[in-house]
Amino acid sequence: MNKQELLNLYNMELDELLKVSSQYIKNEIEFCSLINARNGKCSQNCKYCAQSSHYCTNIESYPLVSIEEVKKVALEAKSHKASRFAIVTSGRTPDEGRDFQIELDMIKEINKIDGLKSCASIGILNEEQAKQLAEAGLTRFHHNINTCRSYYPEVCTTHTFEDRVNTCRLVKKYGMELCCGVILGMGESIEQRVEMALELAEIQPDSIPINILMPIPETPFENYLDKIDEENVLRTLAIFKIANPNSVLRFCGGRMRLSEENQKKALSTCVEGIMVGNYLTTVGKAPEEDIKTVSELGKVIV
């Protein structure tokens with residue numbers, strides 16, 4: 001499907017668009033969760049991020065947490081029906097905090113928990129790091145493109161869109177699953193949302209996490225709350241699913257900007273995954289609420 005065809009779909013009547021996207025979803029909702037394993041003091045200048053050292057956001061910064069803490073939070077996630085659990089660290093690369101070997105050990109510990117698959121979101125990779133992650137048994141690596149190539153310089157200048165795509169290629173080269181998504185509402189145009197959908201289709205991730213910008217005070221995007229409304233979020237989700245029928249679209253940070261009605265509408269027509277619990281620097285829903293919602297929709301948690 002080309003850009004013009006997707007644009008035409010984007011602009012059709014909303015219920016009809018969601019009806020089209022609903023043809024591509026299963027009756028399952030996959031739960032995953034994470035631990036914010038190293039927070040703050042990031043060298044990158046991503047304009048949306050509370051953890052960037054370029055902005056004075058006054059968040060709590062802390063070094064890598066202990067392996068015991070990771071195991072504890074992972075077991076809690078499993079009790080909330082999560083089937084995947086990710087360690088997430090701030091920084092441009094895995095070794096920015098000189099913690100890569102410990103992160104590999106964390107992955108091995110997660111793999112020992114029956115019924116839980118290991119995920120990691122630890123920055124831009126080089127070839128040797130990708131190889132070591134695969135050897136450690138990592139199931140899935142998470143690395144967002146965040147926005148489309150044409151808009152990327154408006155979001156970050158300390159690394160490039162191609163840096164991110166190269167990491168995605170390495171993940172797939174070494175046989176790991178790929179989780180790669182976006183943040184909506186950072187000032188991108190409708191056309192650029194369609195570009196994101198098509199660029200993701202080229203990358204072919206297994207999972208596409210959808211974040212909706214939660215503007216953080218003292219970041220350059222602190223006043224960007226009005227850059228996308230609920231209807232356009234739904235339209236974008238539908239387009240993403242149509243362009244990526246084999247990828248699981250996943251609700252992540254910022255979904256609380258949608259009404260309960262629209263969250264349920266998305267879960268019925270184009271979204272097949274939920275990041276349960278809290279996120280990195282923002283608060284999510286209680287897992288019990290998500291379990292109840294999925295049950296009300298007649299879906300199965302996997």
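The values are calculated or read from the model by the stated rules, or taken from the named source; none is laboratory data. Keep in mind that what you see is a predicted model, and the values were worked out from it rather than measured. Cβ atoms come from the backbone with ideal geometry, glycine included; neighbour counts cover every protein chain shown.
So the values come out like this:
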| item | result |
| --- | --- |
| Pair list, Cβ < 6 Å and 6+ apart or interchain, from the range 171-184 residues that are farther than 12 Å from Asn211 by Cβ and in contact (Cβ under 8 Å) with a residue 40 or more places away in the chain to residues that are of a type in the set (Phe, Trp, Tyr) and surrounded by 18 or more Cβ atoms within 10 Å (Cβ to Cβ) | Val171/Phe141; Met176/Phe141 |
| Pair list, Cβ under 9 Å, 6 or more apart: the range 217-237 residue under 13 Å from Leu14 (Cα atoms) and touching a residue at least 40 places away in the same chain (Cβ under 8 Å), other residue among the polar types (S, T, N, Q) and outside any helix (DSSP H, G or I) | Arg235/Asn11 |
| Single condition Ile35 does not satisfy, out of (1) assigned to a strand (DSSP E or B); (2) over 26 Å from Gly185 (Cβ atoms) | (2) |
| Qualifying positions in the range 220-243 - surrounded by 21 or more Cβ atoms within 10 Å (Cβ to Cβ) and not aromatic (Phe, Trp, Tyr) | Ile228, Val233, Leu234, Arg235, Thr236, Leu237, Ala238, Ile239, Lys241, Ile242, Ala243 |
| Tally, over the range 155-165, of residues that are free of Cβ contacts under 8 Å to residues at least 60 places away in the same chain and either within 18 Å of Phe221 (Cβ to Cβ) or outside any loop (DSSP other than H, G, I, E, B) (or both) | 5 |
| Helices (runs of 4 or more DSSP H) fully within the range 188-302 counting 2 or more residues that are within 21 Å of Tyr152 (Cβ to Cβ), at pLDDT 95 or above and of a type outside the set (Asp, Glu) | 190-203, 230-243 |
| Selection from the range 17-47 of residues that are out of contact with any helix residue (DSSP H, G or I) (no Cβ under 9 Å at 6 or more places or on another chain) and either of a type in the set (Asp, Glu) or more than 21 Å from Ala120 (Cβ to Cβ) (or both) | Lys26, Asn27, Glu28, Glu30, Asn45 |
| Among the candidates Ile87, Ile59, residue that is at pLDDT 95 or above, of a type in the set (A, V, I, L, M) and crowded, with 17+ Cβ neighbours inside 10 Å | Ile87 |
| Thr93 being surrounded by fewer than 20 Cβ atoms within 10 Å (Cβ to Cβ) and among the β-branched types (Val, Ile, Thr) | yes |
| Given (1) more than 24 Å from Ile210 (Cβ to Cβ); (2) at pLDDT 95 or above, number of the condition Glu96 does not satisfy | (2) |
| Selection from the range 198-233 of residues that are in contact with a strand residue (DSSP E or B) (Cβ under 8 Å, 6 or more places away or on another chain) and among the aliphatic types (A, V, I, L, M) | Leu200, Ile203, Ile208, Ile210, Ile212, Leu213, Ile228, Val233 |
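Results for (1) more than 19 Å from the chain's Cα centre (by Cα); (2) closer than 25 Å to Ser33 by Cβ, shown as yes or no for each residue.
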| site | (1), (2) |
| --- | --- |
| Glu202 | no, no |
| Ile208 | no, yes |
| Ile212 | no, yes |
| Pro215 | no, yes |
| Asp229 | yes, no |
| Val233 | no, yes |
| Asn246 | no, yes |
| Met275 | no, yes |
